[in-house]
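A.B. asks: Following this message is one structure expressed as structure tokens.
Just so it is clear, none of the values below were taken in a lab; they were calculated from the coordinates. Keep in mind that what you see is a predicted model, and the values were worked out from it rather than measured. All Cβ positions, even for glycine, are placed from backbone atoms using ideal geometry, and neighbour counts span all protein chains on display.
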Amino acid sequence: MNPVALGVDKILETTVVGSFSRVGFALRSRLEAWIDPPSLAGQRVLITGATSGLGFAAAERLAGLGASVTIVARDETRARTSVSALRSRSHNERVDYLLADTSDLVAVRRVAETVAARGVLHVLIHNAGAISARRALSAQGYEMTVAAQLLGPFHLTRLLLASLATAPPGRVLTVSSGGMYSQPFDLATLEAPASDFDGVRAYARVKRAQLVLNREWIHHVTSRDVVFHAMHPGWVDTPGLAASLPRFYAVARPALRTPAQGADTLVWLAGARESSRSTGDFWLDRHPRFEHKVPWTRSRDPGRDQVMLWDWCVERTAAY
Ligand SMILES: NC(=O)c1ccc[n+]([C@@H]2O[C@H](COP(=O)([O-])OP(=O)(O)OC[C@H]3O[C@@H](n4cnc5c(N)ncnc54)[C@H](OP(=O)(O)O)[C@@H]3O)[C@@H](O)[C@H]2O)c1
């Protein structure tokens, strides 16, 4: 990075608003003279949550770069509409869909089996996510935020490892959130009880746990076969943000990134050389970032957290 871009990036990182907003994207992309992500012709990508917002924008760009894109959606009508829009916008007919709610471990297994039967998978993107207003349980009885954004993705990844390792290195990308900077990792409070449920807090804790898992994965798979990266998109103008945080959305709207801007790093990670040579990192705007902004979210024993979370996920998914 040139010295001016580096200096500006460092300043932006100290200010959440500057870094997360469209200002951060505009300054970094211009000062660093970002070029288009590499072609993905011949690559197969599976992405969850591409019927809206960031996932849709990412799928459009991935298909535009030549990838064969399969979206995983929970609603068939929305899936069909999205596939048709993605095909026409990207001028790429190799876009299709599979149905699953990512919180449903049985449906996730069905998707994995279908994808595995097709052979190689180059990129798996865990993007589906939402803030639940009320506590709800998944088909297997787990709290919905945990089930949809941690257990389902864990299960899908495990079931697709062989397909990902077929054209090494396969890439597993997870869309976390800057919201996770507000929470430490604590396995005991990850699945909040009904008496103490706060949707925003539950979401931030799960987004933190995604990073813990991202780091643990690298101990279970060699980086020659599969690499793991998490990212956060900044603050992005999406239907999900408008619905889940309406007051924040109303105030922040002029500063929000477009979905395409929010999806830029995700798409770049899918093909960039830099992300094939490293693993376990957490990215914003095409650079790895620290996982903590305040000291009290740091763990005394990150390695122990990782192992405990791994075992916890295995225990809850193994039967499905
Ligand atoms: N927008 C932001 O500022 C922001 C910031 C940080 C992180 N993120 C993350 O970015 C990702 C995308 O969010 P977004 O803002 O683009 O929201 P969005 O517009 O609401 O899109 C969310 C997508 O996820 C799907 N989805 C949610 N729960 C699902 C489930 N259980 N099973 C299957 N699909 C599910 C939705 O499907 P339906 O169409 O069926 O609802 C939709 O396609 C999320 O992981 C979110 O946490 C967003």
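A.B. asks: For the range 259-307, max minus min Cα coordinate along each principal axis, in Å, sorted largest first?
C.D. replies: 35, 23, 14
A.B. asks: What fraction of the DSSP beta bridges in the chain is antiparallel, stated in percent and rounded to the nearest 5? All intermediate terms of the calculation are to be shown ahead of the outcome.
C.D. replies: Working: 3 of 30 bridges.
Counting DSSP beta bridges with both partners in the chain, the antiparallel share is about 10 percent.
A.B. asks: Now, a different point. The range 70-104 to the range 143-211: how many Å between their Cα centroids?
C.D. replies: 22 Å
A.B. asks: Sort 197-204, 96-103, 146-153, 231-238 by packing, meaning the average of other beta carbons within 10 Å per residue, with the highest value first.
C.D. replies: Values: 197-204: 18.2, 96-103: 20.0, 146-153: 27.1, 231-238: 25.0.
Descending mean neighbour count gives 146-153, 231-238, 96-103, 197-204.
A.B. asks: Expressed as a whole percent, how much of the Cα-Cα distance distribution for the range 79-144 exceeds 13 Å?
C.D. replies: Numbers: 1588 of 2145 pairs.
Tail of the P(r) past 13 Å holds 74 percent of the pairs.
A.B. asks: Here is a further query. Return the equivalent ellipsoid semi-axes of the range 1-88 as a descending list in whole Å, where each equals the square root of 5 times an eigenvalue of the C-alpha gyration tensor.
C.D. replies: Numbers: eigenvalues 209, 54, 16 Å².
Equivalent ellipsoid semi-axes, largest first: 32, 16, 9 Å.
A.B. asks: Which of the peptides 45-57, 117-129 is most tightly packed, and how do the rest follow, judged by the mean count of other Cβ atoms within 10 Å per residue? It would help to have the intermediate numbers written out before the result.
C.D. replies: Numbers: 45-57: 25.8, 117-129: 21.6.
Peptide ranking by packing, descending: 45-57, 117-129.
A.B. asks: Another question about this same structure. Please sort by residue number the GluC sites (Glu not before Pro) in the range 1-98 whose DSSP state is loop and whose Cβ has at most 16 other Cβ atoms within 10 Å.
C.D. replies: On the way: sites: Glu13, Glu32, Glu60, Glu76, Glu93; in loops: Glu32, Glu93.
Within the range 1-98, the qualifying GluC sites (Glu not before Pro) (loop, at most 16 other Cβ atoms within 10 Å) are Glu93.
A.B. asks: When 1/r is averaged over all different Cα pairs and the result inverted, which Kirkwood radius in Å belongs to the range 153-238? Could the numbers behind the result be given before it?
C.D. replies: On the way: mean 1/r = 0.0704 Å⁻¹.
About 14.2 Å for the range 153-238.
A.B. asks: Which order do peptides 136-144, 105-113 fall in by mean Cβ count within 10 Å, highest first? Each step should come with its number before you reach the end.
C.D. replies: Working: 136-144: 15.9, 105-113: 19.1.
Final packing ranking: 105-113, 136-144.
A.B. asks: Divide, for the range 21-178, the radius of gyration over alpha carbons by 2.2 N^0.38 Å, where N is the residue count. It would help to have the intermediate numbers written out before the result.
C.D. replies: Details: Rg = 16.0 Å, N = 158, 2.2 N^0.38 = 15.1 Å.
Against the compact-globule rule of thumb, the ratio is 1.06.
A.B. asks: Quick query: amide H of Arg171 versus all other amide H atoms, modeled in the peptide plane; which residues come in under 5 Å with a sequence gap of 5 or more or a different chain?
C.D. replies: HN-HN under 5 Å from Arg171: Val123, Leu124, Val227.
A.B. asks: Moving on to the next point. Identify, among His232, Phe56, Val8, the residue whose Cα sits farthest towards the positive end of the charge dipole of the chain, taking +1 on the Cβ of Lys and Arg and -1 on the Cβ of Asp and Glu, with the dipole about the Cα centre.
C.D. replies: Val8
A.B. asks: If I take R0 = 25 Å and measure r between the Cβ atoms of Val314 and Ser223 in this structure, what FRET efficiency does the formula 1/(1 + (r/R0)^6) give, to the nearest 0.05? It would help to have the intermediate numbers written out before the result.
C.D. replies: Numbers: r = 21 Å, r/R0 = 0.84.
Efficiency at R0 = 25 Å is approximately 0.75.
A.B. asks: Same structure, new question: Restricting to DSSP H runs of at least four residues, report the calculated mean residue ellipticity at 222 nm for the chain, -39500 (n - 2.57) per run over all residues, nearest 500 deg cm²/dmol.
C.D. replies: Rounded to the nearest 500, it is -14000 deg cm²/dmol.
A.B. asks: Within the range 57-99, report the trypsin sites (Lys or Arg not before Pro) that DSSP leaves as loop and that have at most 16 other Cβ atoms within 10 Å.
C.D. replies: Working: sites: Arg61, Arg74, Arg78, Arg80, Arg87, Arg89, Arg94; in loops: Arg74, Arg94.
Here the trypsin sites (Lys or Arg not before Pro) that fit, given the DSSP loop and packing criteria, are Arg94.
A.B. asks: Select from the range 258-302 those trypsin sites (Lys or Arg not before Pro) which occupy a DSSP coil region and have at most 15 other Cβ atoms within 10 Å, ordered by residue number. Let's see the in-between values first.
C.D. replies: Values: sites: Arg273, Arg277, Arg286, Arg289, Lys293, Arg298, Arg300; in loops: Arg277, Arg286, Arg289, Lys293, Arg298, Arg300.
Sparse-neighbourhood loop trypsin sites (Lys or Arg not before Pro): Arg277, Lys293, Arg298, Arg300.
A.B. asks: Bin by bin, in steps of 10 Å, what percent of the Cα pairs in the chain do you find, going until the bin that has the longest distance?
C.D. replies: Each 10 Å bin holds this share of Cα pairs: 6, 28, 38, 23, 4, 0.
A.B. asks: With each label point set 7 Å from Cα along the Cα-Cβ vector, what nm distance links Val4 and Leu31?
C.D. replies: My value for the distance between the label points is 1.0 nm.
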